[in-house]
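Okay, so here's the structure we're looking at.
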Amino acid sequence: MGDTAMENGKRGYWLNQADIEWPDVDGVENDEECDVAIVGGGLTGLWTAWALKTADPKLSVHVYEAESFGYGASGRNGGWLSAKTVGIRSQLAKGPGGRHAVMEVDDQLRSGIDEIVDLLGRERINARKGGWLQVARSDSEQARIEHYVEKSRSWGVAEKDLRLLSATEAEEHVRISHTTGAIYSQHGYTVDPARMMCELMMLAISAGVVLRAPARASEIGPGQLRVGRHTIRARWIVVATEGYTARERGQRRAMLPLNSSLLVTEPLTPREWESIGWGGHAGASGSAHTYFYARPTVDRRIALGGRGKPYQFASSFDPSGKLDEGTVQALLKVVHDLFPEIAAKPAHAWSGILGVHRDWSPTIAVDENAKILRVGGYAGSGVTAAYLAGKIAADIVLDRRTSLSRSPWVRQLPAKWEPEPLRWLGANALYAIYGVADGVEARRGGAKTSSLALLADKLARRG
């Protein structure tokens with residue numbers, strides 16, 4: 001273990017790796033014209049651009065990124081490439097395709113993870129296929145995971161795709177203290193988000209996509225947008241700004257920029273690494289109401305994320321990504337609680353924002369008259385979802401009548417979030433209620449979920 005000071009904020013552990021050779025991109029120096037202008041240089045924007053150029057190489061496709069490619073959640077996330085359900089199934093099933101369409105999306109996500117790894121290169125993005133677990137550590141959590149699996153069966157999810165593990169079986173994947181059982185799915189990789197972004201940039205460039213950064217878009221309207229003092233004209237505009245959508249004029253309440261905080265430890269010693277039994281590189285998350293998600297890195301670190309301070313007033317956010325000391329210590333406490341036998345020290349900490357619609361489900365909204373497509377709202381499950389959304393968006397722009405263009409994600413934008421101060425009060429109060437509910441369940445014991453958590457689910461429209 002070293003004694004160097006923890007690096008807090010900036011761009012996070014992944015993006016600060018010195019050995020990644022990022023392709024050179026330039027900003028906008030003149031007015032430009034293209035067939036499709038994509039606003040947002042994250043995974044969604046790049047996958048959409050690649051899908052368009054692959055389907056029709058004659059199209060001119062430009063991607064405009066405000067900061068640097070990977071600056072947002074796409075380069076700062078926890079590196080879970082999984083087929084976990086994105087959004088609320090019952091909400092998405094209200095569309096014309098019903099339950100069958102939602103189940104079809106689940107199949108597309110399962111095949112999507114392997115397609116992504118094949119396209120970008122397993123070793124080039126440090127992909128390790130260990131699946132994912134959701135671990136229970138109390139009777140109430142155990143009851144919740146059992147109910148989740150039972151409910152998943154009603155949505156056509158087979159045991160080969162999702163199953164319950166005993167405590168002993170769960171510990172074959174990772175030895176987390178007080179484990180009572182777990183949900184397990186084989187459909188998951190851990191990846192390096194920055195290397196993934198770099199490879200996707202190169203894939204897009206090789207397909208003929210034009211990448212622009214820094215190139216902050218403003219005044220997005222029918223057929224054109226502004227980048228600084230320059231005008232960009234396009235037949236179609238795709239807006240893929242996720243949590244940063246609130247910066248756009250008139251969009252402050254469309255998407256909630258929810259904070260997510262991450263911590264990466266210093267490398268574990270060989271003995272510590274052996275003791276936690278995480279060599280299979282499965283992603284792991286918890287079943288408490290205030291959840292965690294974690295994964296090992298290829299150099300034997302632990303990367304763990306949680307909410308921290310969930311939301312700032314008026315949809316604002318700190319671009320520095322710096323965590324307050326309380327959040328750093330809270331995340332470190334979770335690491336030590338999960339793995340009490342190791343003396344993990346924090347090496348990197350940072351935060352980022354993700355985009356959440358009011359109904360907690362992804363949306364690909366089409367304005368046929370303006371020829372503007374708005375894509376996003378993955379609520380923290382965007383690494384695989386962005387690939388699928390990009391293919392869907394491409395089929396819509398190309399006017400293809402396919403199963404993708406009929407996806408339940410293709411729908412009108414949901415209702416807006418509440419105005420301030422209700423938005424700030426609600427988002428932060430809900431997180432506090434979930435924390436209290438965890439405490440109630442821990443003190444009371446038993447298999448029953450706290451009524452406080454059920455109330456919070458109802459208020460959040462997640463139930």
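Look through ALA73, ALA83, ALA49 and report the one residue that is closer than 24 Å to VAL264 by Cα and touching a His at 6+ places or on another chain (Cβ under 9 Å).
It is ALA83.
Please tell me if ALA330 is under 30 Å from GLU418 (Cα atoms), among the aliphatic types (A, V, I, L, M) and free of Cβ contacts under 8 Å to residues at least 40 places away in the same chain.
For ALA330, the condition - under 30 Å from GLU418 (Cα atoms), among the aliphatic types (A, V, I, L, M) and free of Cβ contacts under 8 Å to residues at least 40 places away in the same chain - is met.
When both residues are 6+ apart or on different chains and their Cβ atoms are under 9 Å apart, which pairs have a first residue that lies in region 13-39 and is polar (S, T, N, Q), and a second that is in a loop (DSSP other than H, G, I, E, B)?
So the pair list comes out as ASN16/LYS10; GLN17/ASP192.
Please determine, by comparing only the residues of region 317-353 that are of a type outside the set (Ser, Thr, Tyr) and assigned to a strand (DSSP E or B), which one is nearest to GLN251 (Cα to Cα).
Per the stated criteria, the residue is ILE353.
Given ARG401, ARG443, which one is within 30 Å of GLY286 (Cα to Cα) and without any contact (Cβ under 8 Å) to a residue 12 or more places away in the chain?
On inspection, the qualifying residue turns out to be ARG443.
Just to be sure, is SER90 touching a residue at least 12 places away in the same chain (Cβ under 8 Å), within 25 Å of THR449 (Cβ to Cβ) and of a type in the set (S, T, N, Q)?
Criteria not met by SER90.
Any idea which residue in region 302-316 is modelled with the lowest pLDDT, counting only those that are over 17 Å from the mean Cα position of the chain (by Cα) and in a loop (DSSP other than H, G, I, E, B)?
By that ranking, first place goes to LYS309.
Just to verify a result, which residue in region 116-136, among those that are surrounded by fewer than 17 Cβ atoms within 10 Å (Cβ to Cβ) and touching a helix residue (DSSP H, G or I) at 6+ places or on another chain (Cβ under 7 Å), is farthest from THR180 (Cα to Cα)?
Among residues in region 116-136 that are surrounded by fewer than 17 Cβ atoms within 10 Å (Cβ to Cβ) and touching a helix residue (DSSP H, G or I) at 6+ places or on another chain (Cβ under 7 Å), the one farthest from THR180 (Cα to Cα) is LEU119.
On the basis of being within 30 Å of GLN108 (Cα to Cα) and out of contact with any Cys (no Cβ under 9 Å at 6 or more places or on another chain), does GLY12 make the cut?
In short, no.
Exactly one condition in (1) at pLDDT below 95; (2) of a type in the set (A, V, I, L, M); (3) within 24 Å of GLU141 (Cα to Cα) is false for ILE353; which is it?
Here ILE353 meets the rest and fails (3).
Is it fair to say GLU123 is over 18 Å from the mean Cα position of the chain (by Cα), more than 30 Å from ARG444 (Cα to Cα) and either charged (D, E, K, R) or not in a helix (DSSP H, G or I) (or both)?
yes
In region 246-266, is there at least one residue being farther than 25 Å from GLY355 by Cα, touching a residue at least 40 places away in the same chain (Cβ under 8 Å) and either of a type outside the set (Gly, Ala, Ser) or assigned to a loop (DSSP other than H, G, I, E, B) (or both)?
Yes - at least one qualifying residue is present in region 246-266.
Does ALA240 satisfy the condition of being out of contact with any Ser or Thr (no Cβ under 6 Å at 6 or more places or on another chain) and of a type in the set (Gly, Ala, Ser)?
no
Only one of ASP337, ASP324, ASP359 is surrounded by fewer than 24 Cβ atoms within 10 Å (Cβ to Cβ) and either basic (Lys, Arg) or without any contact (Cβ under 8 Å) to a residue 60 or more places away in the chain (or both); which?
ASP324 is the lone residue from the list that is surrounded by fewer than 24 Cβ atoms within 10 Å (Cβ to Cβ) and either basic (Lys, Arg) or without any contact (Cβ under 8 Å) to a residue 60 or more places away in the chain (or both).
Could you grab me the full set of residues in region 13-51 that are farther than 25 Å from ILE372 by Cβ and under 25 Å from the mean Cα position of the chain (by Cα)?
Selection gives TYR13, TRP14, LEU15, ASN16, GLN17, ALA18, ASP19, ILE20, GLU21, TRP22, PRO23.
Residues to consider are LEU81, LEU46, LEU59, LEU52; find the one that is free of Cβ contacts under 8 Å to residues at least 40 places away in the same chain and in contact with a strand residue (DSSP E or B) (Cβ under 9 Å, 6 or more places away or on another chain).
LEU59
Among the residues of region 216-233, how many are without any contact (Cβ under 8 Å) to a residue 60 or more places away in the chain and in a loop (DSSP other than H, G, I, E, B)?
1
Residue by residue through region 364-392, note down the ones that are crowded, with 24+ Cβ neighbours inside 10 Å and of a type in the set (Ser, Thr, Tyr).
TYR378, THR384, TYR387 - these are the residues of region 364-392 that are crowded, with 24+ Cβ neighbours inside 10 Å and of a type in the set (Ser, Thr, Tyr).
The values are calculated or read from the model by the stated rules, or taken from the named source; none is laboratory data. Model, not experiment: these values are computed from the prediction. Virtual Cβ from ideal backbone geometry, glycine too; neighbours counted across all protein chains shown.
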